[in-house]
Amino acid sequence: MGQFRLAVVQVFAAVGAGIALTYTARTFRLTRRGQVTDRFTKALERLSSSEPYVRLGGVLAMEQIVQDAPDQGDHAARVLNAFVREQAPAAATTPVAATQLVRKPDEQVQEALRALTVARSRRGGRRAPVDLAGLHLRKAQLADAYLNGALLEGTTLSEANLRGARLKGADLKGADLKGADLTGAGLKGTDLTGADLSTALGLTVTQVLQVKSLLGCQLPNALAADSSVAARLTTSE
């Protein structure tokens, strides 16, 4: 009988401990969620500031949320993407307008691009594709950027540093890539229909033959003269 009572006491003690642990874990999750929400709100406030250095702080704060809270990563990434679209000018649609857009991205835009496309920020579940379509991002620093599936149609990326960038399945239709450094960039399945890569740097035949479409694409003369590449310039696959 004494052993039975002892067993009952032990069972109740174990159940009580389990309930306490569950409650503690739930409290921790709720507290952490509240902290992330608070950080998110403060970061948003900084991003909407009229002061460039405050906006830069907001970008860094949002990047930290992406890394620390994977469950909020997609929301933070969407905010960073929206920030870039709000702050970066639209790509020029005429040669005359193009001459007026000679500057490189502002510091906070460049930092947001880095935070948005760094490989670790794209982990932790599904993320919406990076959408930089139609933006003027001349001389953007995007070395080793994670841009798989990115929407880059009509984007000005002339003289951009895209060394080692991952562009698998990206939409670069009509993009301006003159003078862009694409050394080692992954272009498998990329759509380069109508894109201008006439003075792009670092491109190889192997890279070019992995793209989805070269239809109407302008390539450096040495590449365009290659027989296997030339055949692709008039077909989409």
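The values are calculated or read from the model by the stated rules, or taken from the named source; none is laboratory data. Just so it is clear, the model here is predicted, and its values are computed rather than measured. Counting neighbours? That spans all protein chains shown, and the Cβs are built from the backbone with ideal geometry, glycine included. For accessibility, only protein heavy atoms count, side chains too; no ligands or nucleic acids. Shrake-Rupley method; radii C 1.70, N 1.55, O 1.52, S 1.80 Å.
Structure summary
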| read-out | value |
| --- | --- |
| Glu51 accessible area, assembled protein chains, probe 1.4 Å, Å² | 80 |
| Radius 13 Å from Cβ of Val79, net charge of other residues (Lys, Arg +1; Asp, Glu -1) | +2 |
| Percent accessible area from carbon and sulfur atoms, segment 153-237, protein chains only, probe 1.4 Å | 54 |
| Residue-wise HN-Hα coupling along segment 195-209, computed from phi with Karplus coefficients 6.51, -1.76, 1.60 (Hz; x: Gly, Pro) | 6, 9, 10, 4, 10, 5, 10, x, 6, 10, 4, 4, 4, 5, 6 |
| Residues of type lysines that Lys212 reaches as a straight line, Cα spacing below 28 Å, ignoring anything fewer than 8 places off in the same chain | Lys139, Lys168, Lys173, Lys178, Lys188 |
| Charge tally in the Cβ shell below 15 Å around His136, where Lys, Arg are +1 and Asp, Glu are -1, His136 excluded | -1 |
| Per-residue ³J(HN,Hα) for segment 176-181, Karplus 6.51 cos²θ - 1.76 cosθ + 1.60, θ = phi - 60°, Hz, x for Gly and Pro | 9, 10, 5, x, 6, 8 |
| Long-range HN-HN contacts of Asp131 with modeled amide H, under 5 Å | Leu151 |
